[in-house]
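Working notes for the structure below.
The values are calculated or read from the model by the stated rules, or taken from the named source; none is laboratory data. If you're wondering where the values come from, they're calculated on a predicted model, not measured in any experiment. Neighbour counts run over all protein chains shown; Cβ positions are idealised from the backbone, glycine included. To get the accessible areas, we keep the full protein, side chains included, count just its heavy atoms, and leave off ligands, DNA and RNA. Shrake-Rupley method; radii C 1.70, N 1.55, O 1.52, S 1.80 Å.
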Amino acid sequence: MTMKLVKSILTKNPCYKAGKKITVKGLMLHSVGCPQPRASVFINSWNRADYDNACVHAFIDGNDGTVYQTLPWNHRGWHGGGACNNTHIGVEICEPACIKYTGGSTFTCSDKTTAKDVAKRTYEAAVELFAMFCEEYNLNPTADGVIISHAEGHKRGIASNHGDPEHLWRQLGMSYTMDGFRKDVKAAMGCQEEDKETAAESEKWYRVRKSWEDAKSQKGAYKVLKNAKACADKNEGYSVYDWNGNVVYAPSKPSEPDQKKVSYRVRVSIKNPNIRKGPSTAYDKVGKYTGIGVFTIVAEADGEGATKWGKLKSGAGWISLDYAKRI
């Protein structure tokens, strides 16, 4: 699994507006405590000026494992209900829709196969995310108190009385434990304390950024170069940097075809011709269609084969003139 990280900062939440910072000394894993796999539901409901009772650093979506960053990592969150807020990053994993809470942290489950799939997806994404944190903040994942659950935080007297996320794994009959989670994070970092050479190798992460200096633009950190390349390919303007800040991969842009300025109208008679960023299918789609109608073309360019492309006067992008008739 390759972690997908999306920034979705809760700028309206009073916790974000408080603007307090922390020195990150640890990481706390939570689960949301209700049958809701979609991170967007929490993001939408928590991003309000009147939501003043909680705010975490990230949610992990149960449907696809996407990590949504909701606070800057060094921002003091309101997630643990105790002193852990001053030291720990807090991350919530979303829970399956097919469970039903019957009291406290006890629930029933109508579809264990689906529920286990959700739990597995969020667990694996959390392992990658926490490995990234440990690398970024020079944390030892198996050291005492560095990675803890909300339940473990309560036992230490630094968090409120919750049972998450162990209650979820236990009642679904899964083998996950926090001890196992810490070991998996360490393995994801590729680091063994007793092996200095291996420990040195753990520093060698490839990072996907707009520039090496712009750390806030980072889309992800990867041990495997091909995974980092795939991330850069999906994000325009991003490159892959090695651990020394050198560019090791920069996606090549399609060569720009010769363009000819024109001015004429065309009629499009199909509903969904794609609009692209440039005059070729090598360019990304802009995510819109022209629809049926009459449009003005202000430039032409040759595409693949005998296909000609026209630039829309609106500035939305280019369309294949195979789908348009000049009028």
For the table Lys100/Lys120; Lys25/Lys216; Lys285/Lys313; Lys120/Lys216; Lys112/Lys183; Lys288/Lys311, the rows whose alpha-carbon distance is greater than 22 Å are Lys120/Lys216; Lys112/Lys183
Descending accessible area (1.4 Å probe), largest on the left, turns Arg209, Arg38, Arg76 into Arg38, Arg76, Arg209
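Can you tell me the length gained on complete extension of the stretch Lys116 to Lys260, counting 0.36 nm per residue apart and subtracting the Cα distance?
On the way: separation 144, 0.36 × 144 = 51.84 nm, distance 5.68 nm.
Once the chain is fully extended between Lys116 and Lys260, it gains 46.2 nm.
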15 Å reach of a label modelled at Lys234, 7 Å along Cα-to-Cβ, counting backbone N of segment 129-152: 129
Scanning the chain for GluC sites (Glu not before Pro) in DSSP loops with at most 14 other Cβ atoms within 10 Å, what's the longest stretch left with none? 1-192
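Please get the size of the charge dipole for the chain, origin at its Cα centre, with Cβ charges of +1 on Lys and Arg and -1 on Asp and Glu, quoted in debye to the nearest 20. All intermediate terms of the calculation are to be shown ahead of the outcome.
Values: 47 positive and 36 negative charges, 353 e Å.
Computed about the Cα centre, the dipole is about 1700 debye.
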Length added when fully stretched, Asp144-Ser40, from 0.36 nm per residue minus Cα-Cα: 34.1 nm
Once Met174, Met132 are ranked on solvent-accessible area with the largest value leading and a 1.4 Å probe, the list reads Met174, Met132
Calculate the spin-label point distance for Thr23 paired with Asp302, positioning each point 7 Å from the Cα along the beta-carbon direction, and give it in nanometres. 6.5
Dmax and Rg, reported as Rg then Dmax, of the chain (C-alpha, Å): 24.2, 76
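So if R0 is 45 Å, what FRET efficiency would Lys216 and Val294 give, r being the distance between their Cβ atoms, rounded to the nearest 0.05? Provide the component values of the computation, followed by the final result.
Values: r = 44 Å, r/R0 = 0.98.
After rounding to 0.05, the efficiency reads 0.55.
As a test of reading the structure, rank Thr122, Thr307 by solvent-accessible area (1.4 Å probe, protein chains only), most first. Before the final figure, lay out each step's value.
Values: Thr122 0, Thr307 30 Å².
Heavy-atom accessible area, descending, gives Thr307, Thr122.
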Just how much of Val56 is accessible, in Å², when a 1.4 Å probe is used and the result is rounded to the nearest 10? 0
